Amino acid sequence: MGSGSLNEIMKKPTKAMLLSALIFPGLGHLFLKRYIAALVLLSVSFSAIYYLASKAVERALQISAKIQSGEVSPDIATITALVEKQSTGAEAQLLNIATVAFVVCWLVGIIDSYRVGCTRDKSDDVQD
């Protein structure tokens, strides 16, 4: 392997893809200065994660309240059963939608930031 710098080894498409894959969906587009795509991916991803986290905290507080009131015994088997209890109806559907929205944004962020980065690299090579 040659003695190239990190910038020579890691081109824009790879950096953008890694930003979207490992840190947060949309950051690769932000790096590539595709602000509208970045805003859409960031906002949908953040909203989905916020909804999922808020529902998890809500469920934890409900279980905690049941334990404090004495309604539920504080043993691990009972708590595990309450945590594993599935949501029903509209709440379950919203949880599924939020999960799918985040996964789709994550995948689109990875694939599209790499694609846009490759397109930019090719256009930069042609201009040189």
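Is it the case that the stretch 93-113 has a residue that's at pLDDT below 90, over 18 Å from the mean Cα position of the chain (by Cα) and part of a helix (DSSP H, G or I)? Scanning the stretch 93-113 turns up no residue that is at pLDDT below 90, over 18 Å from the mean Cα position of the chain (by Cα) and part of a helix (DSSP H, G or I).
Restricting the first member to the stretch 31-46 and to residues that are farther than 22 Å from residue 118 by Cβ and modelled with pLDDT of 95 or more, and the second to residues that are buried (at least 18 other Cβ atoms within 10 Å of the Cβ) and among the polar types (S, T, N, Q), no beta-carbon pair is closer than 8 Å while six or more apart or on different chains.
Restricting attention to the stretch 12-37, and to residues there that are small (Gly, Ala, Ser) and within 16 Å of residue 120 (Cα to Cα), which single residue is surrounded by the fewest Cβ atoms within 10 Å (Cβ to Cβ)? Filtering first and then ranking leaves 37.
Taking (1) touching a Ser or Thr at 6+ places or on another chain (Cβ under 7 Å); (2) of a type in the set (Gly, Ala, Ser); (3) outside any helix (DSSP H, G or I) in turn, residue 28 satisfies each apart from (3).
Matching residues to (1) in contact with a helix residue (DSSP H, G or I) (Cβ under 8 Å, 6 or more places away or on another chain); (2) β-branched (Val, Ile, Thr):
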site: 25; (1), (2): yes, no
site: 56; (1), (2): no, no
site: 63; (1), (2): yes, yes
site: 70; (1), (2): no, no
site: 80; (1), (2): no, yes
site: 85; (1), (2): no, no
site: 98; (1), (2): yes, no
site: 103; (1), (2): no, yes
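Can you tell me which residue in the stretch 73-118 is farthest from residue 14 (Cα to Cα), limited to those that are surrounded by 13 or more Cβ atoms within 10 Å (Cβ to Cβ) and polar (S, T, N, Q)? Filtering the stretch 73-118 for residues that are surrounded by 13 or more Cβ atoms within 10 Å (Cβ to Cβ) and polar (S, T, N, Q), the one farthest from residue 14 (Cα to Cα) comes out as 78. When the test is whether a residue is among the aliphatic types (A, V, I, L, M) and modelled with pLDDT of 85 or more, residue 79 does not pass it.
The values are calculated or read from the model by the stated rules, or taken from the named source; none is laboratory data. As the structure is a prediction and not an experimental result, all values here were calculated from the model. Note that we place each Cβ from the backbone using ideal geometry, even for glycine, and neighbour counts take in every protein chain shown.
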